[in-house]
Amino acid sequence: MAGIPPPARGWGPRRGLIVRIVLALVVLLAACTSSRPPEVRPATPAYTEEGLASWYGEPYHGRPTASGVTYDMHAMTAAHRTLPFGTWIAVTNLENGRKAEVLVNDRGPFVAGRILDLSQKAAAKLGMLEKGVARVRLAVVRWGDGMMAYPCWEVQVGAFARPENVERAVATLRKSGWTTRTAPAGGGLTRVRVTGLSGRARALEVARGLSADFPGAMAVPCPPAVDEGRP
């Protein structure tokens, strides 16, 4: 047929060899890929929580916190019941969308239904100073390890203003066989605690068991680290 050049001499055999080599490489690569296990990256333990947050300033400014450091109401810090000291958390005010990151270095709040007590500066950044209480979501950014440093733990069931409430709480606990003690707190409050517990794990277990009668029950380190701090 005129106008169509003949195939190059010798190309046919070489082309077949090249095709076979390429196919062999594709099969080998597929086999290696399918036998390779997927990459597994260690995940940071996730923790989120939603609830009410409050804030505290005076008269606690300059006083020791539960972690032993001095409370600075002008720093970005917070009190949480169980998160390890040194943990950084991201807090979102669900009522206005404002966000802040704070360092957990104290214990609290001791009011049922609240999950976080913020420093004055953190509350200002979240736009909740005037209202005082806001619904928030918190998420751990980086875990701390300071919580396990304390060898002695107790369970605080509450901090009461009225003496009759203190007496009632103590009587209820002692009737169930618990050893108790009371200690003065700021603002005219009196703490009531269960003592004689063997470590943090036991304190957490006892706090869960007492939460039906005392919704604010929480595990706290033994004094002196706590008693000079907030209620």
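Of all residues in region 134-162, those that are part of a loop (DSSP other than H, G, I, E, B) and either more than 14 Å from the chain's Cα centre (by Cα) or modelled with pLDDT of 90 or more (or both) total 5. Pull up region 169-221, narrow it to residues that are among the charged types (D, E, K, R) and in a helix (DSSP H, G or I), then point me to the one that is surrounded by the most Cβ atoms within 10 Å (Cβ to Cβ). Applying the filter and picking the extreme gives 200.
Close Cβ contacts (under 7 Å, 6 or more residues apart or on different chains) running from residues in region 93-107 that are over 26 Å from residue 62 (Cα atoms) to residues that are crowded, with 21+ Cβ neighbours inside 10 Å and of a type in the set (Val, Ile, Thr) comprise 93/136; 94/136. Output yes when any residue across region 111-120 is modelled with pLDDT of 95 or more, assigned by TED's automatic domain parsing to the domain that holds residue 73 and at positive phi, and no when none is. No, region 111-120 contains no residue that is modelled with pLDDT of 95 or more, assigned by TED's automatic domain parsing to the domain that holds residue 73 and at positive phi. Looking only at residues of region 58-86 that are buried (at least 19 other Cβ atoms within 10 Å of the Cβ) and more than 21 Å from residue 132 (Cα to Cα), we find that the one that is modelled with the lowest pLDDT is 67.
One residue alone among 118, 138 is within 12 Å of residue 51 (Cα to Cα) and surrounded by 22 or more Cβ atoms within 10 Å (Cβ to Cβ), and that residue is 138.
The values are calculated or read from the model by the stated rules, or taken from the named source; none is laboratory data. As the structure is a computational prediction, the values presented were derived from the model and not from experiment. Please note: Cβ atoms are built from the backbone with ideal geometry, for glycine as well, and neighbour counts cover all protein chains shown.
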